[in-house]
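A quick write-up on the structure given underneath.
The values are calculated or read from the model by the stated rules, or taken from the named source; none is laboratory data. These numbers come from a predicted model, not from an experiment. Here Cβ is always computed from backbone atoms with ideal geometry, including for glycine, and neighbour counts include all displayed protein chains.
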Amino acid sequence: MEEDPEMNLVPNRSQTFSTRHKMENIKALVCFISLMEMLYKVWKDEGEQDGRLAYEQVHSLPLSIIHESAPLLEKAAAIKATHLLTVFRWPMHG
């Protein structure tokens with residue numbers, strides 16, 4: 001099976017400017033739940049101000065964010081940062 005040069009993630013000299021340009025403009029997708037988890041974890045470990053800063057900094061990355069809504073994300077992070085809970089529960093042993 002022949003490799004598709006468009007799928008090669010490491011540019012080489014034989015690739016055209018157009019192909020390299022397409023590769024440089026690729027964005028990753030991230031779900032609002034992942035953003036909430038990042039905000040909550042930094043908030044819980046380093047404080048609310050640092051959590052909000054980290055959340056702002058994530059928005060400077062080449063990401064396409066799949067949002068439910070910003071207010072919902074912040075409310076979920078605030079609840080999780082200030083209460084003992086988890087999104088899923090591990091089975092209890094013994």
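Quick notes on this one:
- When the residues of segment 29-66 are filtered to those that are part of a helix (DSSP H, G or I) and hydroxyl-bearing (Ser, Thr, Tyr), the one that is modelled with the lowest pLDDT is SER34.
- Segment 34-58 residues that are on the phi > 0 side of the Ramachandran plot, paired with ones that are at pLDDT 95 or above (beta carbon under 9 Å, 6 or more apart): none
- Looking across LEU72, LEU85, one residue alone is under 16 Å from ILE33 (Cβ atoms), in a loop (DSSP other than H, G, I, E, B), at pLDDT below 85 and not polar (S, T, N, Q). It is LEU85.
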